[in-house]
Amino acid sequence: MAKRSFTGRLIIIGADRIREQLQELLELEVIVIQEKKFFSRCLICNDLLVAVSVESFRKDALPLYVLQTQQQFTACEKCRRIYWGGSHRERARAFLSSITAAI
Ligand SMILES: [Zn+2]
């Protein structure tokens, strides 16, 4: 980085595990975890997601089980991905909450 004349802030993370890495960044006040921003960006292109109704996309775009069990969807207008709250979302929320609770 020094050879490239990097002018930004360089942070060397010592931990190997994601939990400890996030805690290091939180303690250094490099990042802030804001629950209201959870699941607000596309995992593929990082664009902001917008709320969409189930009528706004083709029914074969999602598994039938998802259509039968979910009522709220968000979509990325840039890459057209559709997101919904599944069990993975609650696990991720619990994981992130446990990190902020430990600080
Ligand atoms: Zn996207």
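The values are calculated or read from the model by the stated rules, or taken from the named source; none is laboratory data. This one's a predicted model, so the numbers in the text were calculated from it and none came from an experiment. Using ideal geometry, Cβ is built from the backbone for each residue, glycine included, and neighbour counts are taken over all protein chains shown. All accessible areas refer to the heavy atoms of the entire protein, side chains included, with ligands and DNA or RNA removed. Shrake-Rupley method; radii C 1.70, N 1.55, O 1.52, S 1.80 Å.
Relative to the globular-protein estimate of 2.2 N^0.38 Å, the Cα radius of gyration of the range 47-98 stands at 1.23.
In the context of the full set of protein chains, the chain has a per residue accessible area of 79 Å² (1.4 Å probe). With the helix formula -39500 (n - 2.57) applied to DSSP H stretches of n ≥ 4, the chain reaches a computed 222 nm mean residue ellipticity of -9500 deg cm²/dmol. The region of the chain that goes longest without hitting one of the chymotrypsin sites (Phe, Trp or Tyr not before Pro) in a DSSP loop, each with at most 16 other Cβ atoms within 10 Å, is 58-103.
Qualifying GluC sites (Glu not before Pro) in the range 20-95, where qualification requires a DSSP coil assignment and no more than 11 other C-beta atoms within 10 Å, comprise 29.
Summarising the amide proton neighbourhood of residue 41: residues at separation of 5 or more, or on other chains, whose placed amide H is nearer than 5 Å comprise 49.
Exposed loop sites are taken as trypsin sites (Lys or Arg not before Pro) in a DSSP loop (any state but H, G, I, E or B) with at most 13 other beta carbon atoms within 10 Å; the longest stretch of the chain without one runs 18-57.
Rounded to the nearest percent, how much of the accessible area of the range 35-102 (1.4 Å probe, protein heavy atoms only) is carbon and sulfur? Carbon and sulfur together cover 53 percent of it. Cross-link reach is defined here as a Cα-Cα straight distance under 21 Å, omitting same-chain residues fewer than 8 places apart; for residue 78 the lysines meeting it are 37, 59. Distance between the 7 Å Cα→Cβ label points at residue 15 and residue 29: 1.9 nm.
Take the eigenvalues of the Cα gyration tensor for the chain, scale each by 5, and report the square roots as semi-axes in whole Å, largest first.
34, 19, 11
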